[in-house]
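**Q** Below you'll find the structure I mean.
The values are calculated or read from the model by the stated rules, or taken from the named source; none is laboratory data. Not measured: the values here are computed from a predicted model. Ideal geometry is used to build each Cβ from the backbone, glycine not excepted, and the neighbour counts take in all protein chains shown. With ligands, DNA and RNA removed, areas are computed over all heavy atoms of the protein, side chains included. Shrake-Rupley method; radii C 1.70, N 1.55, O 1.52, S 1.80 Å.
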Amino acid sequence: MIRKFILFLAGLMLMLLMCGMLYVSGAIYDTAGKATVVPYFFQPDNHFERRPGVPATAEELESDSDENSEMYNRLLERYITEMFYVTPDATELEKRMTGQTALYRMSYGSGAFPKWLDLIAPEIEEMTQQKKLRLVKVVKVEPEEQYMKITYELKTWNESNNLEINPEISYGVVYLNIRYEPGVRKEIGKRTVGQYLEQGGDPAAVFRFAVTDIAVPQE
């Protein structure tokens, strides 16, 4: 009799344990269903390419002086990049040389773009034909009379599709005469800024940044 009573208690305890385990399992499952995810984005830069949120406005990138203006510095770096970068793409170079890129739109008068065509473009054309790649980085910007003295770094890969070859690093200096005012242009050519952008125009050209002259030191 006692043995049956003990077995009954053991069975009852086992049933209670199983019911408890089922309750705990159900509670855990229900908790997972009610879980919420709060996303967090780390925004390392105001530039649209690195910012998953709303890009910073032009006003947020401006300042009281050109030298401290983030917008001015970005436009200057863009112009220097357009002047010197090289890709093994003849079609892209043809567009740059025929005035279909930001380099032409950001230049003004006969002292900038024609000089680039005469002094710098021939070397880029030769490098393009040789399938070379060259990246550009602005190292230092210094005002010097009516010009800005820009020291830049060139990183050149002389062989295409060869990851074992280290790039050749060199430095150069160019002088730019720059006109800059905060804000954007009212029109570009005979088009409004909106029409220009809708037709695929480069956004860098809509700002009131214009290079009026280029001076390249002779070696």
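**Q** Looking only at residues that are charged (D, E, K, R) and loosely packed, with under 13 Cβ neighbours inside 10 Å in region 154-172, which one is modelled with the highest pLDDT?
**A** GLU168
**Q** Could you list all residues from region 174-185 that are in contact (Cβ under 8 Å) with a residue 24 or more places away in the chain and not aliphatic (A, V, I, L, M)?
**A** Let us first name the residues in region 174-185 that are in contact (Cβ under 8 Å) with a residue 24 or more places away in the chain, namely 174-184.
Across region 174-185, the qualifying residues are TYR175, ASN177, ARG179, TYR180, GLU181, PRO182, GLY183.
**Q** With touching a residue at least 12 places away in the same chain (Cβ under 8 Å) and acidic (Asp, Glu) as the only criterion, which of GLU94, GLU125 stands out? Explain how you work it out, then say what you get.
**A** Working: GLU94 fails: touching a residue at least 12 places away in the same chain (Cβ under 8 Å).
Being touching a residue at least 12 places away in the same chain (Cβ under 8 Å) and acidic (Asp, Glu) holds for just one of GLU94, GLU125, which is GLU125.
**Q** Is it fair to say TYR147 is closer than 29 Å to SER110 by Cβ, hydroxyl-bearing (Ser, Thr, Tyr) and open to solvent by less than 40 Å² (accessible area, probe 1.4 Å)?
**A** Numbers: closer than 29 Å to SER110 by Cβ: yes; hydroxyl-bearing (Ser, Thr, Tyr): yes; open to solvent by less than 40 Å² (accessible area, probe 1.4 Å): no.
In short, no.
**Q** Looking at region 146-173, which of its residues are without any contact (Cβ under 8 Å) to a residue 40 or more places away in the chain and not in a strand (DSSP E or B)?
**A** Matches in region 146-173: GLN146, ASN158, GLU159, ASN161, ASN162, LEU163, GLU164, ILE165, ASN166, PRO167.
**Q** Another question, if that's okay. If a residue must be basic (Lys, Arg) and either touching a Cys at 6+ places or on another chain (Cβ under 7 Å) or not in a strand (DSSP E or B) (or both), how many such residues does region 188-219 contain? So that I can check it myself, show each step before the final result.
**A** First pass over region 188-219, keeping only residues basic (Lys, Arg): 190-191, 208.
Narrowing the set further to residues that are either touching a Cys at 6+ places or on another chain (Cβ under 7 Å) or not in a strand (DSSP E or B) (or both) leaves 190.
Here the count works out to 1.
**Q** Give the residue that is farthest from GLN146 (Cα to Cα), with candidates limited to residues of region 173-201 that are surrounded by fewer than 14 Cβ atoms within 10 Å (Cβ to Cβ) and in contact with a Gly (Cβ under 9 Å, 6 or more places away or on another chain).
**A** Filtering first and then ranking leaves GLN195.
**Q** Next question, about the same structure. I need a count of the residues in region 199-219 that are among the charged types (D, E, K, R) and modelled with pLDDT under 85.
**A** The total comes to 1.
**Q** Yes or no: TRP157 under 25 Å from the mean Cα position of the chain (by Cα), of a type in the set (A, V, I, L, M, F, W, C) and farther than 26 Å from PRO203 by Cα? I'd like the intermediate steps shown before the answer.
**A** On the way: under 25 Å from the mean Cα position of the chain (by Cα): yes; of a type in the set (A, V, I, L, M, F, W, C): yes; farther than 26 Å from PRO203 by Cα: yes.
Spelling it out, TRP157 is indeed under 25 Å from the mean Cα position of the chain (by Cα), of a type in the set (A, V, I, L, M, F, W, C) and farther than 26 Å from PRO203 by Cα.
**Q** Just the residues that are touching a strand residue (DSSP E or B) at 6+ places or on another chain (Cβ under 6 Å), open to solvent by 80 Å² or more (accessible area, probe 1.4 Å) and of a type in the set (A, V, I, L, M), please, taken from region 89-138.
**A** Answer for region 89-138, where residues must be touching a strand residue (DSSP E or B) at 6+ places or on another chain (Cβ under 6 Å), open to solvent by 80 Å² or more (accessible area, probe 1.4 Å) and of a type in the set (A, V, I, L, M): just LEU135.
**Q** In region 87-124, how many are part of a helix (DSSP H, G or I) and more than 25 Å from the chain's Cα centre (by Cα)? Steps first, answer last, please.
**A** First, pick out the residues of region 87-124 that are part of a helix (DSSP H, G or I): 90-97, 102-105, 113-119, 121-124.
Then keep just the ones that are more than 25 Å from the chain's Cα centre (by Cα); that gives 114-115, 117-119, 122-123.
Residues meeting the conditions: 7.
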